[in-house]
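What follows is one structure encoded as C-alpha cells, with my remarks underneath.
Rule-based calculations on the coordinates, nothing more; no lab input. Since this is a predicted model, take the numbers as computed values, not measurements. Positions of Cβ are generated from backbone atoms using ideal geometry, with glycine treated the same way; all protein chains shown enter the neighbour counts.
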C-alpha cells in the first residue's frame, strides 16, 4: 500500500500539480489515510520536539504535520513531545525522544541550536533534523534544513514595488542575522528590478528579549515607517507582526506583507500577501532523503521543491483572503518570475 502511495504521489506531483503539487498530495493523503499503525512502523519512530508547549503558532504546528506526512509515506510511528519553554525543558524532551527509541528527531526553532552539539553527538544511532539552524561541522547524524527564501523574498520585493503607490517600501525584522540580512537584500533587489527609482527604507529590527513576540515595539516601528511615507511593509517577525497589522488600522492605502504562514485572515484588507515557509514539506522531503541513504548534513529547499512560496500564487490562494488577489496583472507577472527562477532563467544571488 505504501509503495503504491509513493508512486501515485510522485506521478500526481509531476503530471498535474506543478511546483507546489507535493503539498496538495501530502495534505490529501494526510486527511484521508489513517496514521500508520505501530505494528506497521517498519522504519521505527519519528518524534517532533517542540521548543514550547502547545500553542497557536502555525509554523511550529508544521513540525507535527511534517512528521505525520512522513509517517504515512515511510511507515514510521509519529509523535510529538512538548518542551517547557526553557533550555532544561528542551534538553529533557530531546533526551526523552532518544529514550523512547526515536530513529529520527525533528526540531524547529533557534532555541535548539545551543543543544545540537551535545545531543546529536551523544546519540549517534539517532538522526536529528533541524530547520533553519545549524552548527559548525555538524556530525553525520544531524541534518540541517535551510530554505532558499531569497527566491521568494525577491518575488515579494517585486510585488511590493508594483503595488506601492508612493514607491516607498520597508522591512521590519525580528533579529538581524546574516541569513535574514541576505533575505532582506533579495527583497529590495526584487523591488529595484521593477522600479530602479524606488525608495527603500532602512531595515529596522525589533531585537530585545522577545523579538518574535513584541507587538508593541513592532507597532511603534511600523507607525514610524508610515509617517516616513512607506506604504508597503514586509514584516518578518513572527508574533510581533500583529503590531504592524494594528498600525495599519485606518490606513486606506498602506499594506503589509506577512511571513511564514498565511496571515491574511488576521487582518482582512490590511495584508497584501505572505512569504510562506513550508516546514512540513521540507521535513517530509528530508526524511525521505535520510531513509534512502543520504549522508548530507545540510539540505537546501526553495521554490522548485515547493518549500517556499507566495500565498498569492500558491495552490490555495483563492481561499487566502489576501488583498493581492485583486491584482491579477501583478499575480501573472509574479507567476512568470517564479517559473523563471525555478527553470534557472532568473538567478537570485
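In nm, to one decimal, how far is the residue 175 label point from the residue 87 one, both placed 7 Å along Cα→Cβ?
For residue 175 paired with residue 87, the spin-label model returns 1.3 nm.
Seen from all sides and averaged, what is the projected area of the convex hull of the Cα atoms in segment 202-349, in nm²?
If I average the Cα hull's projected area over directions, I get 10.9 nm².
What shape does segment 252-309 take by its C-alpha gyration tensor, where a ≥ b ≥ c are the square roots of the eigenvalues and a/c under 1.5 counts as rounded, a/b above b/c as prolate, and the rest as oblate?
Prolate.
Based only on other Cβ atoms within 10 Å, what is the fewest-to-most ordering of 76, 179, 142?
So the residues, fewest neighbours to most, are 179, 142, 76.
Under 15 Å from a point 7 Å along the Cα-to-Cβ line of residue 137: which residues of segment 111-127 have their amide N that close?
117-118, 121
Among 225, 162, 73, what is the fewest-to-most ranking by other Cβ atoms within 10 Å?
So the ranking, lowest neighbour count to highest, is 162, 73, 225.
Between residue 118 and residue 335, what length in nm is gained on full extension when 0.36 nm per residue of separation is reduced by their alpha carbon distance?
My answer for the length gained is 73.7 nm.
With N set to the residue count of segment 129-181, report its C-alpha Rg divided by 2.2 N^0.38 Å to two decimal places.
Taking N as the residue count of segment 129-181, the ratio is 1.59.
Given only helices, namely DSSP H runs of n ≥ 4 each adding -39500 (n - 2.57), what is the per-residue ellipticity at 222 nm of the chain, to the nearest 500 deg cm²/dmol?
-13000 deg cm²/dmol
For segment 273-349, what number results from the quotient of the Cα radius of gyration and 2.2 N^0.38 Å?
Dividing the Cα Rg of segment 273-349 by 2.2 N^0.38 Å gives 1.29.
For segment 141-216, what does the alpha-carbon gyration tensor say about shape, rounded, prolate or oblate, given a ≥ b ≥ c as the root eigenvalues, a/c under 1.5 as rounded, and a/b over b/c as prolate?
oblate
What is the distance in Å between the Cα centroid of segment 304-349 and that of segment 161-193?
What the calculation gives is 17 Å, centre to centre.
Just the number, please: percent antiparallel of the DSSP beta bridges in the chain, rounded to the nearest 5.
5
Report, in degrees rounded to the nearest 10, the 0 to 90 angle that the Cα long axis of helix 328-343 makes with the longest principal axis of the chain.
For 328-343 against the chain, the angle is about 50 degrees.
Starting from 0 in steps of 10 Å, tell me what percent of the Cα-Cα pairs of segment 142-283 lands in each bin.
13, 46, 35, 6, 1
Taking the beta-carbon count within 10 Å as an exposure proxy, list 336, 159 from fewest neighbours to most.
Placing the least packed residue first, the sequence is 336, 159.
To test your reading of the geometry: what angle, between 0 and 90 degrees and rounded to tens, separates the Cα axis of helix 113-122 from the longest principal axis of the chain?
It works out to around 20 degrees.
Any idea what angle helix 178-194 forms with the longest principal axis of the chain, computed on alpha-carbon atoms, 0 to 90 degrees, nearest 10?
40
Once all Cα-Cα distances of segment 77-192 are split into 5 Å bins that start at 0, what whole-number percent is in each one?
Binned Cα distances yield the sequence 2, 10, 18, 17, 13, 10, 10, 9, 6, 4, 1, 0.
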